[in-house]
1. Out of 41, 66, which single residue is under 23 Å from residue 137 (Cβ atoms) and open to solvent by less than 20 Å² (accessible area, probe 1.4 Å)?
2. Would you check which residues across region 78-121 are of a type in the set (Ser, Thr, Tyr) and touching a strand residue (DSSP E or B) at 6+ places or on another chain (Cβ under 7 Å) and list them?
3. Specify the residue that is farthest from residue 167 (Cα to Cα); the eligible residues are those in region 82-102 that are surrounded by 14 or more Cβ atoms within 10 Å (Cβ to Cβ) and under 20 Å from the mean Cα position of the chain (by Cα).
4. Of (1) open to solvent by 40 Å² or more (accessible area, probe 1.4 Å); (2) closer than 29 Å to residue 32 by Cβ, residue 59 satisfies all except one. Which?
5. Go through (1) within 13 Å of residue 130 (Cα to Cα); (2) open to solvent by less than 60 Å² (accessible area, probe 1.4 Å) and name the single condition residue 48 misses.
6. From (1) surrounded by 13 or more Cβ atoms within 10 Å (Cβ to Cβ); (2) at pLDDT 85 or above; (3) under 23 Å from the mean Cα position of the chain (by Cα), pick out the condition that doesn't hold for residue 179.
7. Mind telling me which of the residues 76, 55 ends up being at pLDDT below 95, in contact with a Lys or Arg (Cβ under 9 Å, 6 or more places away or on another chain) and within 19 Å of residue 107 (Cβ to Cβ)?
8. Before we move on, is residue 113 open to solvent by 70 Å² or more (accessible area, probe 1.4 Å) and in a helix (DSSP H, G or I)?
Amino acid sequence: MAGRLATVTTAEAAPSDLATAPATTDRLTTVGLVLESAAGLRRQFAGRRLAGQSMSGLSFDILIRLARSPGHRLRMSELAAQTTLSPSGLTRAVDRLERDGLVERQACPDDRRGAFAVLTPAGRDLMDLAVPEHLEHVGELLADLFTPEEEAHLTALLRRLRDRLYGLPAPPCPAGGDQGC
């Protein structure tokens, strides 16, 4: 068999071969599909012009999180976790947004070492223009893909996964509902 790759199906695999055991491959497939879908979404959103500006996916990710947060602000550490950036990577990104007048830093009154990233009025104005365009693109990507019930269920499942990964408490299950509970 020199020069040829051997192909082993799951049915032929030895029980000790964890990489191809059915339960393992299902789990690996699930995680792989989540990662591939996230990467695909990032590619779809990368480099799109929003509100007449070329905005990096990273900038949009930071700005949308601030726009959707109470008071249009988040602690820098929370923002770093939500955007999967290192603290120093987020600092550089916020520096650029601050230079552009879209974000400002505010000291945290409870922690001298902490700081908030806060959306400025110019940042809110930009997001007021950008979000409808973004929603239109999201609508195009998801059109006819899920029923409203499937989309709600997927959202609940992804929220539960995210909360587990970030050590957040699980929300209570809705009464009579099974939205991922």
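The values are calculated or read from the model by the stated rules, or taken from the named source; none is laboratory data. Here the structure is a predicted model, which is why all the values come from computation and not from measurement. Positions of Cβ are backbone-derived with ideal geometry, glycine not excepted, and every protein chain shown enters the neighbour counts. Ligands, DNA and RNA are stripped out before the accessible areas are found, and what is left, the full protein with its side chains, is counted by its heavy atoms. Shrake-Rupley method; radii C 1.70, N 1.55, O 1.52, S 1.80 Å.
1. None of the other options fit; the residue is 66.
2. Result: 120, single match.
3. Going through the qualifying residues, I end up with 97.
4. (1)
5. (2)
6. Of (1) surrounded by 13 or more Cβ atoms within 10 Å (Cβ to Cβ); (2) at pLDDT 85 or above; (3) under 23 Å from the mean Cα position of the chain (by Cα), only one is false for residue 179: (2).
7. Of 76, 55, the one residue that is at pLDDT below 95, in contact with a Lys or Arg (Cβ under 9 Å, 6 or more places away or on another chain) and within 19 Å of residue 107 (Cβ to Cβ) is 76.
8. no
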